[in-house]
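Working notes, structure below.
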Amino acid sequence: MSLNYIKNFYEGCLRPPTVIGQFHTLFFGSVRMFFLGVLGFAVYGNEALHFSCDPDRRELNLYCYNQFRPITPQVFWALQLVTVLVPGAVFHLYAACKNTDQEEILERPTYTVFYIISVLLRIILEVIAFWLQSHLFGFQVHPLFICDASALEKAFNVTKCMVPEHFEKTIFLSAMYIFTVITVVLCVAEIFEILCRRLGYLNNQ
């Protein structure tokens, strides 16, 4: 019985009951994670090592880098991906425990409502992530960062720091914003597909 639950949960996560949901899973699981895992590491992997300030001292570089990056972009985007997966995973776990096939979800009003709620939660989480990303990282990475290092040593006061590969980071940052927007659009389209299919089921009865 437990193996059947796992099978239903696995199939639910990989094959949602909507066509757009399946495309979203492909887009989310393949393109977005590949982009973050491979290219994200290439762009941001050694950022802390190449981040340098004037004067170029290790403690000053570390202090200013922590000021420049309160949270590293890779960690933020990984948390975003995991968080956005949670509503869908909870729903599919619930459906698996009830032994409900994916084909039956949209035929039952209660499951349809719960599924729409999970999609709406995904939209809300993506919008929150978009807002947080804009406040943490902005929309452009500048080549110079002005660091207030007076707390570290009064002699430093305000110092300039060089941000490595700032243009590449700006491109990557823009791509992550675009991925978030595409995901929200897919979620909205999925809700419309669910409503249209529900109307089709009601008309056939």
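The values are calculated or read from the model by the stated rules, or taken from the named source; none is laboratory data. Not measured: the values here are computed from a predicted model. With ideal geometry, Cβ positions are generated from the backbone for all residues, glycine too; neighbour counts draw on all protein chains shown. These accessible areas exclude ligands, DNA and RNA; they are computed on the full protein's heavy atoms, side chains included. Shrake-Rupley method; radii C 1.70, N 1.55, O 1.52, S 1.80 Å.
Based on the alpha-carbon gyration tensor of segment 93-198 and its eigenvalue square roots a ≥ b ≥ c, which shape applies: rounded if a/c is under 1.5, prolate if not and a/b is larger than b/c, or oblate? In terms of gyration-tensor shape, prolate.
Between F27 and L79, what's the calculated FRET efficiency when r is the beta-carbon distance and R0 is 22 Å? Round to 0.05. Provide the component values of the computation, followed by the final result.
On the way: r = 19 Å, r/R0 = 0.87.
Calculated transfer efficiency: 0.70.
Which whole-number value in Å² is the accessible area per residue of segment 77-117, probe 1.4 Å? All intermediate terms of the calculation are to be shown ahead of the outcome.
Working: 2040 Å² over 41 residues.
Using a 1.4 Å probe on heavy atoms only, each residue of segment 77-117 averages 50 Å².
Under unit Cβ charges (Lys, Arg +1; Asp, Glu -1), what dipole magnitude, rounded to 20 debye, does the chain have relative to its Cα centre?
With only Lys, Arg, Asp and Glu charged at Cβ, the dipole is about 220 debye.
Between E153 and I191, 0.36 nm times their residue separation minus their Cα-Cα distance comes to what? Spell out each step's value before the answer.
Details: separation 38, 0.36 × 38 = 13.68 nm, distance 5.54 nm.
Using 0.36 nm per residue and subtracting the Cα-Cα distance, I get 8.1 nm.
Build a GNM of the chain with springs between Cα atoms under 10 Å apart, and of Q67, Q133, Q22 the one that fluctuates most is Q67. Modelled this way, with points 7 Å down the Cα-to-C-beta line, the labels at L144 and E168 are 2.3 nm from one another. Report the rotationally averaged projected area of the chain based on its alpha-carbon convex hull, in square nanometres. Average of the hull's projected areas for the chain equals 13.5 nm². Springs join every pair of Cα atoms under 10 Å in this Gaussian network model of the chain, and among E104, E168, E59 the largest mean-square fluctuation is at E59. Each label point was placed 7 Å from the Cα along the Cα-to-Cβ direction; for L62 and V86 their separation is 3.2 nm.
Rounded to the nearest 0.05, what FRET efficiency is calculated for T72 and T110 with R0 set to 41 Å and r the Cβ-Cβ distance?
Numbers: r = 42 Å, r/R0 = 1.02.
Efficiency, rounded to the nearest 0.05: 0.50.
At an R0 of 22 angstrom, the distance between the Cβ atoms of I117 and A175 translates into a FRET efficiency of 0.15.
Computed over protein heavy atoms with a 1.4 Å probe, the carbon and sulfur contribution to the accessible area of segment 66-205 reaches 70%. Helix 73-97 and the long axis of the chain differ in direction by around 20°, with both axes built from C-alpha atoms. Highest GNM mean-square fluctuation, the chain, Cα pairs closer than 10 Å: which of S134, S150, S30? Largest GNM mean-square fluctuation: S150.
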